[in-house]
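Asker: Attaching a single structure in structure tokens format; questions to follow.
The values are calculated or read from the model by the stated rules, or taken from the named source; none is laboratory data. What you are looking at is a predicted structure, and each value in this text was computed from that prediction instead of being measured. Neighbour counts are summed over all protein chains in view; Cβ atoms, including those assigned to glycine, are modelled from backbone coordinates with ideal geometry. Note: areas computed on protein heavy atoms with side chains; ligands, DNA, RNA excluded. Shrake-Rupley method; radii C 1.70, N 1.55, O 1.52, S 1.80 Å.
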Amino acid sequence: ALWTVAIKPDKTQAFEQIMAKVRAALAASTDSARQRQAAGWKVMKIEKPLPDGNIAYIHVISPVVHDADYTVMQILYDAFPDERQALYESYRDAFAANLSLATGPVAVDLAPKPATATAASH
């Protein structure tokens, strides 16, 4: 999955701090699905600002954990219930827009294929 969001240019540090809290929440979870989410979730910052000045961040999620909730705020609320309001306000103030969400199966995997046991023995 590729999920692109626009973040206000003066709030990129706040957004990255929120995502660090998401990483901490997933890592500390005793739920194996949450741990698998962390293993396959990266966030990439696009260097060139969007035409409106906002900064695009792309969540790169592979593999997607089936039936897992990737809602940033829900992950934070579950892990840090006493910080709900502060986390919400920080995320809300940084967030400009959802730009796109693309999901689907891999059509072509360009990774090298491992040698099979029979091919390696010849």
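Asker: Restrict the check to region 30-53 and report whether at least one residue is part of a helix (DSSP H, G or I), among the hydroxyl-bearing types (Ser, Thr, Tyr), within 29 Å of Val106 (Cα to Cα) and at pLDDT below 95. I'd like the intermediate steps shown before the answer.
Answerer: From region 30-53, those part of a helix (DSSP H, G or I) are 32-39; that's our starting set.
Remaining after also requiring among the hydroxyl-bearing types (Ser, Thr, Tyr): 32.
Okay, now just the ones that are also within 29 Å of Val106 (Cα to Cα), so 32.
Filter once more, keeping what is at pLDDT below 95: 32.
Within region 30-53, one or more residues are part of a helix (DSSP H, G or I), among the hydroxyl-bearing types (Ser, Thr, Tyr), within 29 Å of Val106 (Cα to Cα) and at pLDDT below 95.
Asker: Right, something else. Considering only region 57-66, I want to know if a residue exists there that is under 30 Å from Ala107 (Cα atoms) and of a type in the set (S, T, N, Q). If you could, list the steps in order and put the result at the bottom.
Answerer: Taking region 57-66 first, the residues under 30 Å from Ala107 (Cα atoms) are 57-66.
Filter once more, so that each one left must be of a type in the set (S, T, N, Q): 62.
Scanning region 57-66 turns up at least one residue that is under 30 Å from Ala107 (Cα atoms) and of a type in the set (S, T, N, Q).
Asker: Within region 7-46, restricting attention to residues that are open to solvent by less than 20 Å² (accessible area, probe 1.4 Å) and touching a residue at least 60 places away in the same chain (Cβ under 8 Å), which residue is farthest from the chain's Cα centre (by Cα)? Even if it seems obvious, please write down each step before you answer.
Answerer: Taking region 7-46 as the starting set, the residues that turn out to be open to solvent by less than 20 Å² (accessible area, probe 1.4 Å) are 7, 15, 18, 22, 25-26, 37, 40.
Subset that is touching a residue at least 60 places away in the same chain (Cβ under 8 Å): 7, 15, 18.
On the way: Ile7: 14, Phe15: 12, Ile18: 11 Å.
Checked region 7-46; the qualifying residue farthest from the chain's Cα centre (by Cα) is Ile7.
Asker: Given the structure, is Ala14 touching a Ser or Thr at 6+ places or on another chain (Cβ under 9 Å) and either acidic (Asp, Glu) or not in a loop (DSSP other than H, G, I, E, B) (or both)? Before you say what the answer is, go through the steps one by one.
Answerer: Numbers: touching a Ser or Thr at 6+ places or on another chain (Cβ under 9 Å): yes; either acidic (Asp, Glu) or not in a loop (DSSP other than H, G, I, E, B) (or both): yes.
In short, yes.
Asker: Tally time: how many residues in region 59-105 are open to solvent by 60 Å² or more (accessible area, probe 1.4 Å), hydrophobic (A, V, I, L, M, F, W, C) and without any contact (Cβ under 8 Å) to a residue 40 or more places away in the chain?
Answerer: 1
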